[in-house]
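For reference, the structure is listed below as structure tokens.
The values are calculated or read from the model by the stated rules, or taken from the named source; none is laboratory data. Keep in mind that this is a model prediction, so the values were computed, not measured. Ideal geometry is used to build each Cβ from the backbone, glycine not excepted, and the neighbour counts take in all protein chains shown. These area figures cover heavy atoms from the full protein model, side chains too; ligands, DNA and RNA do not enter into them. Shrake-Rupley method; radii C 1.70, N 1.55, O 1.52, S 1.80 Å.
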Amino acid sequence: MNVICTTLKGQVYNLKMDKNGTEIWCINLDSPIFSTPLVIPPCSAIHTETSILVSTVKGVIYKIDLNTKDILWTLNTQMHVFAPLSLIDIYACVASREGKIHAIDISKGSIQWSLTMEKPINAGICKVSTNEAIVVDNRANYKLIRPSDGFELFHGSLNIGETFSTPLMNSTANILLIGSRDDNLYCFSTEKK
């Protein structure tokens with residue numbers, strides 16, 4: 001088992017989980033990395049390698065083979081990315097400071113659909129059910145979408161002030177947790193009435 005970490009200098013490290021954190025490899029990318037790397041496990045005959053997706057602040061996304069450190073593809077989204085990438089169904093979703101979301105085909109590195117929010121987005125997309133995901137911008141405006149094509153199912157405002165963290169879904173209890181800059185954690189029921 002390994003630990004993947006990134007730096008503000010644009011470095012990606014693959015480290016052993018031993019008492020010394022021994023470096024397996026390091027790769028230098030083009031700009032700082034604020035976004036958490038996303039590990040993509042092998043899931044089919046087409047996608048057989050374990051890889052990671054890393055986005056730089058400049059919005060360049062790299063798919064890197066975890067074993068060889070080969071860069072498998074790059075995609076310049078032409079956005080500024082602070083939010084973590086999210087794996088939603090078959091897509092890696094990336095959110096930007098420009099308020100845009102792109103769903104990216106993991107195999108090809110191509111944008112499959114996009115949507116726009118009113119304000120910047122610093123949080124990742126959160127899957128709330130089999131066929132629904134939520135996007136929340138920095139002012140707690142939200143869109144409930146269908147992840148397969150980005151179709152907007154519903155939108156509104158949570159009225160909880162400024163948000164900065166990725167929502168967390170507890171599907172067992174049917175609750176959505178969202179942190180706010182007012183130092184409160186908000187809990188919303190996702191049960192359909």
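Observations on the model:
- The single residue among ILE24, ILE33, ILE88 that is hydrophobic (A, V, I, L, M, F, W, C), free of Cβ contacts under 8 Å to residues at least 40 places away in the same chain and within 16 Å of ALA123 (Cα to Cα) turns out to be ILE33.
- Whichever residue in region 85-103 is in contact with a Ser or Thr (Cβ under 7 Å, 6 or more places away or on another chain) and surrounded by fewer than 21 Cβ atoms within 10 Å (Cβ to Cβ) and, among such residues, is nearest to PRO37 (Cα to Cα): ASP89
The rows are residues; the columns are (1) open to solvent by less than 30 Å² (accessible area, probe 1.4 Å); (2) part of a strand (DSSP E or B).
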position	(1), (2)
ILE134	yes, yes
ASP149	no, no
HIS155	no, yes
MET169	no, yes
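- Residue check for THR74: in a strand (DSSP E or B), open to solvent by 20 Å² or more (accessible area, probe 1.4 Å), without any contact (Cβ under 8 Å) to a residue 60 or more places away in the chain and closer than 28 Å to TYR13 by Cβ: yes
- Index of the failed condition, CYS126 passing every other in (1) open to solvent by less than 50 Å² (accessible area, probe 1.4 Å); (2) in contact with an Asp or Glu (Cβ under 9 Å, 6 or more places away or on another chain): (2)
- Hey, THR36 under 15 Å from the mean Cα position of the chain (by Cα), under 29 Å from ASP149 (Cβ atoms) and open to solvent by 70 Å² or more (accessible area, probe 1.4 Å) or not: yes
- Looking at ILE24, ILE4, just one residue is under 19 Å from LEU87 (Cα atoms), at pLDDT below 95 and either part of a strand (DSSP E or B) or more than 17 Å from the chain's Cα centre (by Cα) (or both), and that residue is ILE4.
- Check on LEU53, in a strand (DSSP E or B), at pLDDT 90 or above and touching a Pro at 6+ places or on another chain (Cβ under 9 Å): yes
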